[in-house]
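A.B. asks: Would you mind keeping the following structure in view while I ask a few things?
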Amino acid sequence: MLIASALHRAAASAPNKPSLIVGDWTMDYLELDRAARHRASKLIASGVAPGDRVALHMHNSFELAVSYFACFYAGAVAVPVNTRMKAAEIAYVLEHSGASLYLGQPELFEQIRDLPACFPNVRQFATDMSEIDVSARRLAAAELPAIAADQPAVILYTSGSTARPKGVVHTHRSLWNVGRGIGVGGQDVMMLMTPMVHVAALAGLLGSLEVTATVATITQFDPNAALDAIAHHRATYLVGMPVMYRALIAAQGAVPRDVSSGRHYLAGGDSAPPALKTEFAQCFGRPLRELFGTTESGLIAVNWSDMPAQADSFGRARSGVEIAVAGEDGEPVPAGAVGEMIVRSPGNMAGYWDDPAATAKTIRNGWVHTGDLVSQCSDGYLRFEGRKKEIIVRGGSNVSPQEVEAVLYQHFGVRDAGVIGAPDPNWGERVVAFVSRGPDRTVTASELIAFVAKRLANYKTPAEVIFLDELPKSATGKVQRRALREAYCAEAEIARHRGHRR
């Protein structure tokens, strides 16, 4: 089933049931469907054709949900823009995707207000649909096109092993399958805490269609606002990142709310430490379970087990998903051995936008090679063992070391740079930069941090800059990040033991 037809069917079967709640406002399924169809007609009347890319730069809102479904109805390709991106990052997404229309919120558009002249492909920048002026005649004549299941539906930009984010292309078929099978029932109220510009929350929105569940969300994550919404809307199903659950525990401990409606609490984006799970269960009276997903494949595995033996596992493959653990030669490894997790799923992406080389490297014989190292027990439960790629995961968000290094190299005071992820008790990892100074030997850590902060999202900005006379390099002159990380962790361990001895 296509996403647009799924929404239309939901509107027909449960027209008055709440589909989306934002704050104190509710939109039922019939209202959502009508608003999406009307907006799709307006997009078509304004010149948007099937396959055109439409950038959506919005916080969680009715506007964002309606715009997604309008794109799906119109056959346009939605290009959600991460709301934490800075101007240069937004510019890259608009240029790389070839977006022909930008729909954003006024406060977010302020970041790029001076840039529109730089994007000849973008016909219009609009912060309100009323700015898209079409005649009544053209609007009435607009016809919704027939949509094929293999047409691109969305391009989701995610940091990877390159200096620039890659655009993950999902078709209508693969995106629909990303949202299916997440365990939501018709009586559930799903609470979205993560941004709908990312795959997890988008999957939650779409996964609710099939069973006409209700989705509640907050505009931006705030633990007190989230708890108030859970209590007020009697939310039953939550998906968040471990750092969010830490914040919820602290806020609930300070001002308790009635969270007894909660049925499923799922943590993804990073490993949830045993101590966090224990503390959460004590605070909320329900277990915190792990899941594992990627932008390229959606939800891959989930842990519904209550058995202590599976406590440190992120679960087993969800229904319809095949997981294999492969060695360096591509062959399966024995149970318990560490290898790369590869995935075959109806939710697998079609490929990376305008990047056939990266697509061919990642998708081989129908399997997505995740770059994540895991081990698998004989009963199918999987454990995370590290990353084959040098991706930094901070609070559930991927950070490319190369992207941060590329910005550091723009500073005249930097000769060499190497960026790593260092262990962090709250965020999982934090960004640490190693730098050897160039001719200007006076550049400071605070100057470099501020320099990056102006050009990259805050979560990509180094928390620490360490200066070395020389950075370790390979025989070919490449900075060795692994050596930097090992040295950093060893020094931290020595410092910890010194602290214990005191």
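The values are calculated or read from the model by the stated rules, or taken from the named source; none is laboratory data. Everything quoted here is computed from the prediction, not taken from an experiment. FYI the Cβ positions are ideal-geometry reconstructions off the backbone, even for glycines, and counts take in every protein chain you see.
A.B. asks: For region 340-360, check the following and say yes or no: at least one residue is assigned to a loop (DSSP other than H, G, I, E, B) and without any contact (Cβ under 8 Å) to a residue 60 or more places away in the chain.
C.D. replies: Within region 340-360 (the criterion being assigned to a loop (DSSP other than H, G, I, E, B) and without any contact (Cβ under 8 Å) to a residue 60 or more places away in the chain), the answer is no, since none of the residues qualifies.
A.B. asks: Among the listed residues SER5, SER41, SER46, which satisfies the condition of being without any contact (Cβ under 8 Å) to a residue 12 or more places away in the chain and farther than 28 Å from GLY396 by Cβ?
C.D. replies: SER5
A.B. asks: Is it true that LEU103 is at pLDDT 95 or above, surrounded by 13 or more Cβ atoms within 10 Å (Cβ to Cβ) and not in a helix (DSSP H, G or I)?
C.D. replies: Taking the combined requirement at face value, the residue satisfies it.
A.B. asks: I need the full set of residues from region 202-232 which are free of Cβ contacts under 8 Å to residues at least 40 places away in the same chain and of a type in the set (S, T, N, Q), in order please.
C.D. replies: Of everything in region 202-232, just one residue is free of Cβ contacts under 8 Å to residues at least 40 places away in the same chain and of a type in the set (S, T, N, Q), namely ASN224.
A.B. asks: Report, by residue number, each residue of region 28-43 that is over 27 Å from ARG123 (Cα atoms) and either of a type in the set (Val, Ile, Thr) or surrounded by fewer than 19 Cβ atoms within 10 Å (Cβ to Cβ) (or both).
C.D. replies: Within region 28-43, ASP28, LEU30, GLU31 meet the criteria.
A.B. asks: Would you check which residues across region 392-413 are buried (at least 20 other Cβ atoms within 10 Å of the Cβ), out of contact with any Gly (no Cβ under 6 Å at 6 or more places or on another chain) and of a type in the set (A, V, I, L, M) and list them?
C.D. replies: Those that are buried (at least 20 other Cβ atoms within 10 Å of the Cβ), out of contact with any Gly (no Cβ under 6 Å at 6 or more places or on another chain) and of a type in the set (A, V, I, L, M): VAL399, VAL404, VAL407, LEU408.
Quick grid of which residues meet (1) surrounded by 20 or more Cβ atoms within 10 Å (Cβ to Cβ); (2) closer than 24 Å to GLN187 by Cβ:
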site	(1), (2)
ARG257	no, yes
LEU299	yes, yes
SER305	no, yes
SER313	yes, no
SER319	no, yes
MET341	yes, no
PRO346	no, no
PRO356	no, no
ALA360	no, no
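A.B. asks: Say we look at region 231-246 and pick out the residues that are touching a His at 6+ places or on another chain (Cβ under 9 Å) and β-branched (Val, Ile, Thr); which of these is nearest to GLY204 (Cα to Cα)?
C.D. replies: VAL239
A.B. asks: Between residues in region 148-164 that are farther than 22 Å from THR83 by Cα and of a type in the set (Gly, Ala, Ser) and residues that are surrounded by 15 or more Cβ atoms within 10 Å (Cβ to Cβ) and modelled with pLDDT under 95, which pairs lie under 7 Å by C-beta distance while being six or more apart or on different chains?
C.D. replies: From region 148-164, the pairs are ALA149/LEU2.
A.B. asks: Taking region 231-268 as the search range and keeping residues that are among the β-branched types (Val, Ile, Thr) and in contact with a strand residue (DSSP E or B) (Cβ under 6 Å, 6 or more places away or on another chain), which one is nearest to ALA301 (Cα to Cα)?
C.D. replies: Selected residue: VAL239.
A.B. asks: If you go through region 436-448 one residue at a time, do you hit one that is part of a strand (DSSP E or B), in the same structural domain as LEU471 (by TED's automatic domain parsing) and among the hydrophobic types (A, V, I, L, M, F, W, C)?
C.D. replies: Looking for residues that are part of a strand (DSSP E or B), in the same structural domain as LEU471 (by TED's automatic domain parsing) and among the hydrophobic types (A, V, I, L, M, F, W, C), one finds none in region 436-448, hence no.
A.B. asks: Here's something else I'd like to know. In region 483-502, what count of residues is obtained for those that are modelled with pLDDT of 85 or more and either of a type in the set (Lys, Arg) or not assigned by TED's automatic domain parsing to the domain that holds GLU447 (or both)?
C.D. replies: 1
A.B. asks: May I ask you to verify whether SER305 is in contact with a His (Cβ under 9 Å, 6 or more places away or on another chain) and more than 13 Å from GLY181 (Cβ to Cβ)?
C.D. replies: Judged against the criteria, SER305 is not a match.
A.B. asks: Mind checking which strands (runs of 3 or more DSSP E) fall wholly inside region 133-238 and carry at least 2 residues that are outside the structural domain of THR359 (by TED's automatic domain parsing), at pLDDT 95 or above and under 30 Å from VAL419 (Cβ atoms)?
C.D. replies: The qualifying strands (runs of 3 or more DSSP E) are 152-158, 166-171.
A.B. asks: Report yes if some residue within region 343-352 is at pLDDT below 95 and either hydroxyl-bearing (Ser, Thr, Tyr) or more than 22 Å from HIS198 (Cβ to Cβ) (or both); otherwise report no.
C.D. replies: Within region 343-352, not a single residue is at pLDDT below 95 and either hydroxyl-bearing (Ser, Thr, Tyr) or more than 22 Å from HIS198 (Cβ to Cβ) (or both).
A.B. asks: Now for a separate question. In region 148-187, which residues are under 22 Å from SER345 (Cα atoms) and of a type in the set (Val, Ile, Thr)?
C.D. replies: Residues satisfying the conditions are VAL154, ILE155, THR158, VAL168, VAL169, THR171, VAL178, ILE182, VAL184.
A.B. asks: Given the criteria within 29 Å of GLY268 (Cα to Cα) and of a type outside the set (Ser, Thr, Tyr), does VAL435 qualify?
C.D. replies: No; evaluated as a whole, the condition is false for this residue.
A.B. asks: Would you check which residues across region 106-132 are among the hydrophobic types (A, V, I, L, M, F, W, C) and assigned to a loop (DSSP other than H, G, I, E, B) and list them?
C.D. replies: The answer is LEU115, PHE119, VAL122, ILE132.
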